1. Say whether the condition of being assigned to a helix (DSSP H, G or I), away from ligand 1 (no atom under 16 Å from the Cβ) and either surrounded by 24 or more Cβ atoms within 10 Å (Cβ to Cβ) or modelled with pLDDT of 95 or more (or both) is met by at least one residue in the stretch 284-303.
2. Mind telling me which of the residues ALA181, ALA220 ends up being closer than 28 Å to THR302 by Cα and over 23 Å from the mean Cα position of the chain (by Cα)?
3. Please verify whether the stretch 147-158 includes one or more residues that are within 16 Å of ligand 2 (Cβ to nearest atom), out of contact with any strand residue (DSSP E or B) (no Cβ under 8 Å at 6 or more places or on another chain) and touching a residue at least 12 places away in the same chain (Cβ under 8 Å).
4. With (1) crowded, with 20+ Cβ neighbours inside 10 Å; (2) touching a strand residue (DSSP E or B) at 6+ places or on another chain (Cβ under 9 Å) as the list, and PHE262 as the residue in question, which single condition is left unmet?
5. Within the bounds of the stretch 398-414, is there any residue that is free of Cβ contacts under 8 Å to residues at least 60 places away in the same chain, within 15 Å of ligand 1 (Cβ to nearest atom) and in a loop (DSSP other than H, G, I, E, B)?
6. So for the stretch 315-327 (the condition being in a helix (DSSP H, G or I), farther than 24 Å from GLY166 by Cα and near ligand 1 (Cβ under 10 Å from one of its atoms)), does at least one residue qualify?
7. Could you check how many residues of the stretch 166-195 are within 16 Å of ligand 1 (Cβ to nearest atom) and either crowded, with 22+ Cβ neighbours inside 10 Å or part of a helix (DSSP H, G or I) (or both)?
Amino acid sequence: MRYQEFYQKSIEKPEEFWKEQAGQLDWYTFPGTILQQTSASDFRWFPDGELNMSYLCIDKHVEEGFGDQVAVYYDSPVTQSKQAITFFQLRDEVSRLAGGLARLGLEKGDTAIIYMPMIPQAIYAMLACARIGVTHSVVFGGFAPHELAIRIDDCKPKVIITASSGIEVDRLIPYKPFVDAAMEEAKHKPENVLVFHRKLGAPVAQKPYDVDYQELLKNASPIPPVVLASNHPLYILYTSGTTGTPKGIVRDTGGYATALKFSMKYVYGIEPGATYWAASDVGWVVGHSYIVYGPLLNRNSTVLFEGKPIKTPDASTFWRIMAEYKVEVMFTAPTAIRAIKKEDPQGAHIKQFDLSYLKYQFLAGERCDAATLRWTQEKLKVPVMDHWWQTESGWPMLANMAGVELQEVKPGSAGLPVCGYNVQVLNENGAPCPAAEEGDVVVKLPLPPGCLLDIWNNPQRFINGYLQKFPGYYLSGDGGYIDDGGYVYITGRVDDIINVAGHRLSTAEMEEIVAAHPAVAECAVFGIHCALKGQKPLGLVVLKSGVSLEESSLQGEVVQQVRHEIGAIASFKKLLVVKRLPKTRSGKTMRKLLRNIADEAQYSVPSTIDDPRIIEEIKEVYKHNQVGINYTHI
Ligand code: COA
Ligand code: AMP
């Protein structure tokens with residue numbers, strides 16, 4: 001099939017196109033209306049359809065005779081355990097857990113938080129919620145109790161599902177004690193905490209609200225999937241915004257299922273029955289879409305990996321897993337490849353394994369540098385493709401659609417627009433940028449099925465953040481350009497969001513924590529280049545007058561506070577004291593200028609700066625502290 005023709009049809013006849021794709025799913029009620037527009041910017045796909053995601057991911061395959069196929073390969077080098085879970089077993093676990101949740105009083109319309117390490121029970125929990133119409137919100141395990149508390153207060157779960165502990169390389173992560181701390185901090189008090197005991201480390205303290213996962217399951221009766229409206233919110237997934245408060249991206253059921261099923265075939269080019277592996281975490285959108293729902297919908301065996309690309313035990317782990325489970329399509333972040341490349345530059349480990357099943361290697365989550373792309377191409381000898389998407393979209397917006405027609409791979413570009421996404425680059429006046437000119441990357445409305453419905457509890461933030469700047473377009477928050485062949489190049493965020501090791505973080509949130517230190521008069525936190533993680537945060541502070549505090553002790557205190565409030569995942573490690581910060585005459589701190597100086601990128605001193613001499617002062621501080629691309633060695 002020709003890409004251009006297929007893509008064009010999706011843009012010109014979206015209803016016809018997506019009706020056909022919706023037909024690939026088993027609905028209880030096939031939608032009579034395909035696309036409903038309720039306002040200039042509000043579109044709903046399949047509003048009168050009815051279906052159940054848990055049914056489509058599990059029961060359908062069992063009914064069709066695939067109960068013995070492996071649904072999930074759980075591979076945990078950190079606990080030295082492995083498990084192959086069939087669709088039969090998955091149905092048993094999920095339907096009994098759904099029964100257990102119902103016993104706890106959960107029903108359609110309730111919300112539940114899932115805060116778990118990468119263990120099968122995390123997948124069971126998501127699918128059990130989906131089975132009975134409970135909207136889940138998975139919180140990434142690397143977030144600290146304070147972040148969890150913010151999410152508890154926003155989505156008001158009836159229950160939190162967690163595990164006693166997790167393991168980060170060789171360090172025990174106390175999940176349950178973190179939940180207890182969050183429960184204490186949050187204003188909303190969930191009725192129960194369901195705890196899966198892993199028997200790792202010391203037993204965790206019992207609280208009155210605790211329910212034992214294994215005990216609950218013993219007495220639970222399995223329950224079948226309930227019929228849900230297509231627009232029923234399957235999940236809320238919090239992501240960083242440009243303020244300190246994360247936003248809850250709301251995903252529907254029918255549009256998402258249609259889009260994911262479509263993407264497995266046409267973007268990733270994988271047939272049912274094969275093994276697909278996304279090396280991410282269930283706490284991120286990649287985990288939701290391509291560890292859990294996408295592969296299972298498509299009857300692929302999915303890999304649930306509790307480990308890291310290196311150190312668990314070494315840089316051969318990815319290749320071992322790919323060979324062992326005959327992975328056909330693999331998806332990871334460029335950071336993971338850079339980490340492996342650093343340990344094994346020649347790719348010697350790769351040669352020890354039979355990777356002959358591998359068809360495609362996909363990369364996403366952050367900008368992919370050409371060197372990483374080339375190394376992966378050379379070593380794996382299969383098409384290696386960058387692709388671009390966001391928590392908001394839920395599935396790729398730019399890609400090389402491997403299941404349609406393989407296109408040339410252009411280093412630096414995330415590919416061509418995926419069917420359904422009318423991707424454009426606009427200038428400040430809302431006019432399309434000519435080829436190669438950088439501007440805001442936008443998508444003309446309507447967005448295709450599967451994209452965000454709303455921001456939980458905050459519809460106005462959805463409008464203000466995404467729809468207001470260019471009426472009729474979705475604003476992605478990324479900058480970029482399109483070349484004369486239609487390839488799109490994403491150059492980075494145009495706001496205060498940074499991408500550290502493929503993890504999306506808000507510098508505004510870090511800045512709030514730094515600013516709260518009693519010695520700090522003002523501060524700026526921004527992302528600078530990092531050869532391993534793509535970006536890393538750097539903080540500059542101006543001390544209050546009369547305060548004398550060693551830079552190192554201030555740094556120690558603030559770094560600790562960021563770890564305490566956001567989590568180690570923020571990778572906030574460096575703080576420098578400066579005499580003053582560059583500002584516009586209206587008082588706005590010039591963060592982009594500070595970043596460009598550190599990255600030794602081109603910059604011009606803006607005429608609006610209040611005092612140009614400040615640039616020399618900042619350069620001096622950077623030089624003294626070895627900040628800059630010449631100092632960021634892998
Ligand atoms: N729970 C608790 N802590 C976690 C965590 C989790 N799930 N994930 C990460 N952390 C901690 C780490 O232990 C580390 O703590 P430290 O500062 O005390 O060492 C900190 O958060 C930063 O973690 P990370 O950014 O992962 O850095 P790292 O040096 O531990 O590992 C890589 C570097 C490259 C191996 C790792 O970042 C990686 O695997 N990246 C790919 C991630 C990915 O797939 N992202 C795509 C998501 S779609
Ligand atoms: P998240 O919502 O966590 O998936 O992060 C989405 C953001 O990550 C995007 O807005 C981009 O800034 C960045 N991103 C994701 N994939 C890519 C890519 N392939 N190239 C460049 N940036 C990317």
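The values are calculated or read from the model by the stated rules, or taken from the named source; none is laboratory data. As the structure is a prediction and not an experimental result, all values here were calculated from the model. Backbone-built Cβ (ideal geometry, glycine too); neighbour counts: all protein chains shown.
1. Yes, because at least one residue in the stretch 284-303 is assigned to a helix (DSSP H, G or I), away from ligand 1 (no atom under 16 Å from the Cβ) and either surrounded by 24 or more Cβ atoms within 10 Å (Cβ to Cβ) or modelled with pLDDT of 95 or more (or both).
2. ALA220
3. yes
4. With respect to (1) crowded, with 20+ Cβ neighbours inside 10 Å; (2) touching a strand residue (DSSP E or B) at 6+ places or on another chain (Cβ under 9 Å), PHE262 is out only on (2).
5. No, because not a single residue in the stretch 398-414 is free of Cβ contacts under 8 Å to residues at least 60 places away in the same chain, within 15 Å of ligand 1 (Cβ to nearest atom) and in a loop (DSSP other than H, G, I, E, B).
6. Checking the stretch 315-327: not a single residue is in a helix (DSSP H, G or I), farther than 24 Å from GLY166 by Cα and near ligand 1 (Cβ under 10 Å from one of its atoms).
7. Qualifying residue count, the stretch 166-195: 8.
Okay, residues lined up against (1) under 21 Å from VAL442 (Cβ atoms); (2) out of contact with any strand residue (DSSP E or B) (no Cβ under 8 Å at 6 or more places or on another chain); (3) assigned by TED's automatic domain parsing to the domain that holds TRP284; (4) at pLDDT 95 or above:
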| residue | (1), (2), (3), (4) |
| --- | --- |
| TYR360 | no, no, no, yes |
| ARG374 | no, yes, no, yes |
| LYS379 | no, yes, no, yes |
| VAL382 | no, no, no, yes |
| ALA399 | yes, no, yes, yes |
| GLU405 | no, yes, yes, yes |
